[in-house]
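The values are calculated or read from the model by the stated rules, or taken from the named source; none is laboratory data. Treat the numbers as computed from the prediction; the structure is a model and nothing was measured. We place every Cβ from the backbone using ideal geometry, glycine too, and count neighbours over all the protein chains shown. Note: areas computed on protein heavy atoms with side chains; ligands, DNA, RNA excluded. Shrake-Rupley method; radii C 1.70, N 1.55, O 1.52, S 1.80 Å.
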Amino acid sequence: MKTNWSRALLYSLGSALIVLLLIFLLGRTLFYSYLSERISLENILIWINYRIGYPDAYIQAGLIIFLLFFVYFYRLEQRHRDKRTLAQIIENMQKITDGDFNHRVPAGGSGELGQLAVHVNRLVDRLKLSLEEERQAEQAKNDLITNVSHDLRTPLTSITGYLGLVDQDRYRDEVELRHYIGMAYEESQRLNQLVQDLFEYTRLRNKEMKLQLVKIDLVEMLHQIFSAFQLQLKEAEMDTRMTFEQPRLYVLADGNKLRRVFENLITNAIKYGHDGAYLDVTGRIEGSEIVLSVTNYGESIPAPDLPRIFERFYRVEKSRTKHLGGSGIGLAIAKQIIDLHGGTIEAYSDPEETVFTVRLRTLNPESSPPSSVRSGSF
């Protein structure tokens, strides 16, 4: 809201003319009155005429009077403007306090009230963002409860069912008995893994995880990990193809934590890539980073789900996971661990392939580990 210059100018001009007229009338009255003899008015008029001149005296006096009135009326207009601006701010803030966080205070004013409107709008934006984050956190908590309840119930139901058959002697022979016990054991292992994932993710979120940093050869680590997955790969009828740019790729990392990341990526690749014949792993150096990719050629990740697969407890559409389980914790844990090491992890998927790419800072004399790695804590 701008100050009305034209109104202040008009008021000043009118007031200056009125004052000049009053001065003229007052001087004329004094000149013809008996007071003129006592105050030597004639000498004063002679001095003004000699020093300034009568027309110039009126012009200079009128200019001074005009400027004084202009300053007065301009300040008065400013006060009126500030009152109107403050009234508008109060009116708009009332709408915001009533819960309309999409409403904004007009920031057209100048000076301190204009800055106040800008700060109020920023405060509302931050409050709206905080409320949205709180809503998302509440939704994530609800998703966690729903997903974990489902995933805990499924193996518990199976365990209870198999052990119930054993307890009621509802088996034909020892072979069937061992089968029931074996199935119950597998479900208990699945349940144990889920509980361990929940504990690990909770530790990550509560900043309790510490890194034990050592020099690690990623090539050697990946060969060891894949040797432990030979049985699963054979059952999935998948072959592994590993290609590394160099025979040794060193990083400064926590071996156990980093192993957890790649085990999760390989497990996912076997689950969702068993329709493809191969599981490819590549490693190369790009600048100061080591880039590792795990690629499978099976079922793709739907495009709407791809940007969110690393979010906590997010699950890909049910049609892709209903027969495979999973609570959406594994990839969230993987991302937390990679972030903890100062690296990045991302995913790409199309009908032909699904690729998970991990970037970690390479260990070489020219580069030092990032601050998050050097600290050794989350």
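Quick rundown of the values:
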quantity: Student exercise, the range 114-159 dipole from Lys, Arg, Asp, Glu Cβ charges, in Debye to nearest 20; calculated: 100 debye
quantity: Sulfur and carbon atoms: percent of accessible area, the range 109-202 [1.4 Å]; calculated: 54 percent
quantity: Cα pair distances in the range 145-226, grouped into 5 Å bins until the bin that holds the longest one, percent each; calculated: 3, 12, 14, 13, 13, 13, 11, 9, 6, 4, 2, 0
quantity: Those aspartates and glutamates that a straight Cα-Cα span of less than 19 Å connects to K210, excepting residues fewer than 8 apart in one chain; calculated: D197, E200, D254, D339
quantity: Most to least packed among 130-142, 226-238 [average Cβ atoms within 10 Å]; calculated: 226-238, 130-142
quantity: Neighbourhood net charge (12 Å Cβ-Cβ; Lys/Arg +1, Asp/Glu -1) for Q224; calculated: -2
quantity: Average Cα contact separation per residue, the range 255-300, under 8 Å, 6 or more apart, as relative contact order %; calculated: 38 percent
quantity: Rounded to whole Hz, the Karplus (6.51, -1.76, 1.60) HN-Hα couplings of the range 73-80, x for glycine and proline; calculated: 5, 5, 5, 5, 5, 4, 5, 5
quantity: Protection proxy ranking, peptides 253-260, 81-88, average beta carbon neighbours within 10 Å, highest first; calculated: 253-260, 81-88
quantity: Pairs beyond 30 Å (Cα-Cα), from K141/K257; K141/K215; K128/K271; calculated: K141/K215; K128/K271
